[in-house]
Amino acid sequence: MSYTIAEIAAALGLRAEGETDIAVSCLAEPADCPADGLALAMKPEYAQQIGQGAARAAMLWDGADWRSLGLRAAILAVRPRYAMAGLSAMMDAGQGYAAGIHPSAVIDPSAQLGDGVSVGPLAVIGAQARIGSGSVIGPHCQIGWQAEIGSGALLHAGVRIGARVRIGARFIAQPGAVVGADGFSFVTPEPSGVEKARASLGGEGTEAPQAWARIHSLGGVRIGDDVELGVNSCIDRGTVRDTEVGDGCKFDNLVQIGHNVRIGRDCLICAQVGVAGSTVIGDNVVLGGQSGVSDNLVIGDRVILGGATVVLSNVPAGRVMLGYPAMKMDAHIESYKALRRLPRLFRDVAFLKKAVSNPGSND
Amino acid sequence: MSYTIAEIAAALGLRAEGETDIAVSCLAEPADCPADGLALAMKPEYAQQIGQGAARAAMLWDGADWRSLGLRAAILAVRPRYAMAGLSAMMDAGQGYAAGIHPSAVIDPSAQLGDGVSVGPLAVIGAQARIGSGSVIGPHCQIGWQAEIGSGALLHAGVRIGARVRIGARFIAQPGAVVGADGFSFVTPEPSGVEKARASLGGEGTEAPQAWARIHSLGGVRIGDDVELGVNSCIDRGTVRDTEVGDGCKFDNLVQIGHNVRIGRDCLICAQVGVAGSTVIGDNVVLGGQSGVSDNLVIGDRVILGGATVVLSNVPAGRVMLGYPAMKMDAHIESYKALRRLPRLFRDVAFLKKAVSNPGSND
Amino acid sequence: MSYTIAEIAAALGLRAEGETDIAVSCLAEPADCPADGLALAMKPEYAQQIGQGAARAAMLWDGADWRSLGLRAAILAVRPRYAMAGLSAMMDAGQGYAAGIHPSAVIDPSAQLGDGVSVGPLAVIGAQARIGSGSVIGPHCQIGWQAEIGSGALLHAGVRIGARVRIGARFIAQPGAVVGADGFSFVTPEPSGVEKARASLGGEGTEAPQAWARIHSLGGVRIGDDVELGVNSCIDRGTVRDTEVGDGCKFDNLVQIGHNVRIGRDCLICAQVGVAGSTVIGDNVVLGGQSGVSDNLVIGDRVILGGATVVLSNVPAGRVMLGYPAMKMDAHIESYKALRRLPRLFRDVAFLKKAVSNPGSND
């Protein structure tokens, strides 16, 4: 992949200046940039290092004085980070999956593959599965019975899609991601300790031991367009109706989405997040890494959870939350500052008690 | 799958009323229920929506006035949630795994498969492995050398069972679950910073850097009957003796069980829980989602950990715990209420200090 | 595997006493030890149980009076836990992977395999991949295009190595581990709620909804020698440069390492840890189970994080940290003791306020 500065600028809708016929074949950080690379210096502090590398051209912020940096050409972006989306897509060499159907793949004759679908070595595609045109099914993937995947999908190695799952267009899944496993739903013949503890907020669970009976997951999973799912992440099927994920949601690695959950559109779910069963999450929500949301809650639109935040009750739209249990971020920061000063407060109060009980000895 | 109301009621040991020869072929939430579905309305508040759907029959709570809901038949259950276990099992269409041994599976000639075992495409079964009758081994599963799995197992796609692991009857494992990988056990030639920090509760670790030597896991994993393991969850092998899981334990997705752990019977281990090495967990314990238990601890019978609770010391039987570090749930709730009011307390104490040091200016 | 006591002592460089020609074929805990086993009793309290088993020989601490324990031979170690490293390696029966290339493996003709490489059933090795001599590639593994793995590697079942990843010698990966999936990097056309919340530390995110554009991961992953990676753990590729892991690092199960992260040498990363993008971690760092480190931070050499600690700011070298957000361990312990006593403090302050406002009624 080699492009001239002019070609890149045109593709991204950005302004290029200088010798725009210089060709580049890779992106690089300024200090490591080879002569045929495009240095990325989104902010002035990164631009200092351009001289340490061999870059002739760079992507810079709007208004940058590229000539003074010793460059011969530049692409200028008002929001360079956003420009990285298009630029990185142009430069991505990918995983090298071959076109066509690998002869070692096991594909049920009743499966329907659209035009130009590629299926990697040792993949398994089940009966009546449907895969949209232009999709890439990586090695060792498994697509279940009657599952549907839209056009332009990219499933990396070892992705598992369960029976009857329905996924929209342009789905991307990293290795080991699983959509449509059974939900975690068990019930005891008599009310269990958990049910009692929830009812009484902490009353001890002393009832007779019971075994757990399995509630099967009869629902599926329905996923919109432009969704991504990270390494070894999982979205469980619903109990009666489908678990649902809206258009444009992005899930990082090792995420757990429980049965019956409904997630709106354009949410960002960071690594190791867990969302428990039947919770409803709005649009444009961001769940920070390792955060968790308890079951049967409602999280409003545009809510942001900081890293490792644990939500145990509903959160209204637009809130930024932090901590365990989650508080509004500013209240959390104030409380935790206070927590650090607590030992001193105890000493102050001890002193005050002494002073108040012996007013004369106030030294 | 189509059953009459009478057939379902008989199978579940429940009472049916009305036109019990009506046949249903699926379960549905009341508002979405088609005419050939059985609406599920376990509580009066859900029953309001029956009129929005087309249900002719419903599963209701004991004593429900089904006629007034516009239904023609009903199944009545004292504990409808428990009835869902049997009902959902009857209605589960499953993953559609085919019977028999798929020709692409790689099965060592010394492996022993019981009657009616089904092995999916591209599965690998190792030397001297033994699989009980009626088990289903899904696509891409791998069963290790001398591993034993009891009868009636259901291993979904991509499950890995390590060498010499022994598992009881009716085991269910979701995609990507791993039993019997190596434990995480490393040691430095001289005592490490971690050992020193534990001994001194926080003394800084300033010793010379050392490399980690691996302690191999010679033990296996022994799992009882009726155990379930979620997506991409893992139970590591023991160092010298086996890691042990009792009958009836259910593990959700992305759970980590360390080497040498012993878990009693009928425990419920929710998603993303971690149990560190050599910890002993009693019977009927419930570990909430994202909770963690440190190593070498003892957790008593019937303990319940709320979501994201982190246990750093032993917990007596019957306790309900919450927080980090874990406290009894009621103490935790009281402490966190206080935490939120802390900033006000600081202001109060500052006022008091001023008042006590200047008693005359008490305004 | 059977060795005499003398052979074991010689291999480990330890002192043996008594009938050192006794042969043992397994290791065992004292109470369970068969006659042909070597009992492990690293501390005096474990030695009490030797009489309950049938051990004739044991590994004991330096100076142990083994004759009084009824033994006929003993191996004595100043640091028995360290001796376990060598001893367990001698006794490890392993997973039984066969030598040679299994005929069902799919290996690109342009891949280069060193001498004595073994490739398991149904593994996939991509174009121009290079695998060092003596490596074992387990069943269902997948090695990507142009990926390089050093000599003496052991990849258990279902490990995925992405395109252009470079790994040093003696790499060990447990089932389902993934190196070199795409990083989680998305950007909105205009600054998003997250960017605003970070800038304002908690200002609510009320801007217009936007969709997320993907930033592709053009960098790879570069891993040193003697690194281990646990079950279903993942290390993502960098955006422009490589994600880097130094020699001797050990990662437990279900760990997430984000894009661009740099980790030094000889770090211990316990189960379910998450390290967010672009964070730099020093040498000899220990991250306890379920701990998390936010993005773009610097964690100094020899830092230790206790279990479930969440780091939201830089940590200087040598610190031992605990809690959420992380504090120095001793400060954290003091603060949490205070937290438990908070309700009492509130009562004290309420009393003081009353006493100060009504000085005469001080009862």
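The values are calculated or read from the model by the stated rules, or taken from the named source; none is laboratory data. Computed from a predicted structure; not experimentally measured. No Cβ is skipped: glycine too gets one built from the backbone with ideal geometry, and neighbour counts run over all protein chains shown. Ligands, DNA and RNA are stripped out before the accessible areas are found, and what is left, the full protein with its side chains, is counted by its heavy atoms. Shrake-Rupley method; radii C 1.70, N 1.55, O 1.52, S 1.80 Å.
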Residues of the stretch B:107-145 being polar (S, T, N, Q), within 14 Å of chain C (Cβ to nearest Cβ) and in a loop (DSSP other than H, G, I, E, B), in sequence order, are B:S110, B:Q128
Which residue is surrounded by the fewest Cβ atoms within 10 Å (Cβ to Cβ), if the candidates are limited to the stretch B:313-327 and must be more than 7 Å from chain A (Cβ to nearest Cβ) and assigned to a strand (DSSP E or B)? B:M327
Confirm whether A:V240 is in contact with a Gly (Cβ under 8 Å, 6 or more places away or on another chain), under 20 Å from A:V159 (Cα atoms) and not basic (K, R). no
Among the residues of the stretch B:277-300, is any over 24 Å from B:C234 (Cα atoms), within 7 Å of chain A (Cβ to nearest Cβ) and at pLDDT 95 or above? no
Quick check: is even one residue across the stretch B:324-346 touching a helix residue (DSSP H, G or I) at 6+ places or on another chain (Cβ under 6 Å) and over 21 Å from C:G323 (Cβ atoms)? no
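Condition check ((1) on the phi < 0 side of the Ramachandran plot; (2) surrounded by fewer than 24 Cβ atoms within 10 Å (Cβ to Cβ); (3) over 11 Å from the mean Cα position of the chain (by Cα)) across all residues:
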| residue | (1), (2), (3) |
| --- | --- |
| B:P209 | yes, yes, yes |
| B:V231 | yes, no, no |
| B:C249 | yes, no, no |
| B:N253 | yes, no, no |
| B:I269 | yes, no, no |
| B:G274 | yes, no, yes |
| B:V298 | yes, yes, yes |
| B:V311 | yes, no, yes |
Being among the acidic types (D, E), in a loop (DSSP other than H, G, I, E, B) and in contact with a helix residue (DSSP H, G or I) (Cβ under 9 Å, 6 or more places away or on another chain), is that true of even one residue in the stretch A:261-282? no
Those residues of the stretch B:97-106 which are part of a loop (DSSP other than H, G, I, E, B) and within 21 Å of A:G158 (Cα to Cα), in sequence order: B:Y97, B:A98, B:H102, B:P103, B:S104, B:A105
Quick check on this structure: which one of C:A58, C:A64, C:A47, C:A85 is assigned to a strand (DSSP E or B) and either at pLDDT below 95 or closer than 25 Å to B:T188 by Cβ (or both)? C:A58
Given the criterion surrounded by 18 or more Cβ atoms within 10 Å (Cβ to Cβ) and closer than 24 Å to C:R214 by Cα, identify the matching residue among A:C26, A:C33. A:C33
Only one residue in A:G180, A:G176 is at pLDDT 80 or above and more than 7 Å from chain B (Cβ to nearest Cβ), so which one is that? A:G180
Scan the stretch B:41-76 for residues that are in contact with a Gly (Cβ under 7 Å, 6 or more places away or on another chain) and on the phi > 0 side of the Ramachandran plot and jot them down. B:G70
All but one of (1) surrounded by 24 or more Cβ atoms within 10 Å (Cβ to Cβ); (2) within 9 Å of another protein chain (Cβ to nearest Cβ) hold for B:I333; state the number of the condition that does not hold. (1)
Output the residues belonging to the stretch C:67-81 that are away from every other protein chain (no Cβ under 13 Å), surrounded by fewer than 23 Cβ atoms within 10 Å (Cβ to Cβ) and under 23 Å from B:T188 (Cα atoms). C:L76
Would you be able to tell me the number of residues in the stretch C:36-63 that are of a type in the set (A, V, I, L, M, F, W, C), open to solvent by 10 Å² or more (accessible area, probe 1.4 Å) and touching an Asp or Glu at 6+ places or on another chain (Cβ under 8 Å)? 1
Suppose we filter B:A89, B:A10, B:A47, B:A85 for residues that are touching a residue at least 12 places away in the same chain (Cβ under 8 Å) and small (G, A, S); which single one remains? B:A47
Is it the case, given these coordinates, that B:R265 is more than 7 Å from chain A (Cβ to nearest Cβ), of a type in the set (D, E, K, R) and in contact (Cβ under 8 Å) with a residue 40 or more places away in the chain? yes
Against the conditions (1) surrounded by fewer than 24 Cβ atoms within 10 Å (Cβ to Cβ); (2) away from chain B (no Cβ under 12 Å); (3) not in a strand (DSSP E or B), where does A:R222 fall short? Just the number, please. (3)
Any idea which of A:I215, A:I131 is farther than 19 Å from B:I172 by Cβ, among the aliphatic types (A, V, I, L, M), open to solvent by less than 10 Å² (accessible area, probe 1.4 Å) and over 21 Å from the mean Cα position of the chain (by Cα)? A:I131
Where C:A199 falls short, out of the listed (1) among the small types (G, A, S); (2) assigned to a loop (DSSP other than H, G, I, E, B); (3) farther than 18 Å from A:D252 by Cα: (2)
